[in-house]
Amino acid sequence: MAKQIKWLVIGLIAIVLVFSLFTFTLFKESRGYAQYHSESLMNDTSSLIGSFQRKQEVLQQIIQTRTLTQTQVDLIREDTYILINYYEDYNRLAMNLDRYENKGYSIVDAAFVTEAVFNRKIAEIQGTDQVKVKLDNEFLEKIEFLVAFNERCLNTLGKHVRGFVITDTSMETTEERVVLSVNGINEDFWVGNLEAFG
């Protein structure tokens, strides 16, 4: 009987050790994934803010010159895809973590429409020797709407984002960004961005 108890105790100790090792490994992997996603989140958020600011500058130039160039369209397209990739990547991550689910219209839909409008307009100079398109008042009204929309997006980011101070033309990182680069994915500010844009 004492021999059976001895083997039972040895077996229980072995099970506890294996379970502890498994739990520690799982914790370490989870922490590694959180740090990886947190660093990506902060870098991608920085890119997103910068893209909105650059788009605002390009849109203002278009209004001032009343013309549109292929270079401007390319910049708008690039900024559009930064937004789309950010939203789709973090929307999927938030859904996988059961922290958010968007089932309706999102800012991505608006981004695709914006890109299509500019692509149609710039197609007018394709195949010609023109380097820019002169814009009519109707198209300029669309640009003014986009300026207001873009400004609203920047204001929304300013309210929800952490680790950055956003102004109309610049962005500065704060000391909090370093901390959020390690564990920001566990916070809710990025989910707030998705909700505000969703």
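At 1.4 Å probe size, with every protein chain present, just tell me what the per residue accessible area of segment 127-198 comes to in Å². The partial results should precede the final answer.
On the way: 4350 Å² over 72 residues.
Accessible area per residue, segment 127-198: 60 Å².
Using the Karplus curve 6.51 cos²θ - 1.76 cosθ + 1.60 with θ = phi - 60°, what ³J(HN,Hα) values do you get for each residue of segment 178-186, in whole Hz, with x for Gly and Pro?
4, 5, 5, 5, 9, 9, x, 5, 7
How many lysine pairs in the chain, separated by 8 or more positions in sequence or lying on different chains, have Cα atoms less than 22 Å apart?
10
Taking every pair of Cα atoms in segment 41-153, average 1/r, invert it to obtain the Kirkwood radius, and report Rg/Rh to two decimals.
On the way: Rg = 15.6 Å, Rh = 15.1 Å.
Using Cα coordinates only, the ratio equals 1.03.
Taking θ = phi - 60°, what integer Hz values does the Karplus form 6.51 cos²θ - 1.76 cosθ + 1.60 yield along segment 76-92, in sequence order, with x for Gly and Pro?
5, 4, 4, 5, 4, 6, 4, 5, 4, 5, 4, 4, 5, 5, 7, 5, 5
If you take the charge dipole of segment 60-198 about its Cα centre, with +1 on Lys and Arg Cβ and -1 on Asp and Glu Cβ, which of V178, T156, A110 is farthest toward its positive end?
A110
Place +1 on the Cβ of every Lys and Arg and -1 on the Cβ of every Asp and Glu in the chain, take the dipole about the Cα centre, and give the residue among I166, F52, S40 whose Cα lies farthest towards its positive end.
S40
Can you pull the percent of segment 117-198's accessible area that's carbon plus sulfur, 1.4 Å probe, other chains left in place?
Working: 2360 of 4910 Å².
Taking all protein chains in place, segment 117-198 shows 48 percent carbon and sulfur surface.
Defining a contact as two alpha carbons under 8 Å apart and six or more residues distant in sequence, what relative contact order in percent does segment 125-198 show? Can you show the working numbers first?
Working: 38 pairs, mean separation 17.4, N = 74.
Relative contact order of segment 125-198: 24 percent.
Roughly how many whole Å is it from the C-alpha centroid of segment 53-89 to that of segment 151-187?
Value for the Cα centre distance between the two parts: 21 Å.
Which label belongs to the value computed from this structure, given these candidates for volume of the Cα convex hull per residue in Å³: [x] 122; [y] 148; [z] 173?
[y]
The values are calculated or read from the model by the stated rules, or taken from the named source; none is laboratory data. If you're wondering where the values come from, they're calculated on a predicted model, not measured in any experiment. Glycine gets a Cβ as well: all are built from the backbone with ideal geometry, and neighbour counts include every protein chain shown. Only protein heavy atoms, including side chains, enter the accessible area calculation; ligands, DNA and RNA are left aside. Shrake-Rupley method; radii C 1.70, N 1.55, O 1.52, S 1.80 Å.
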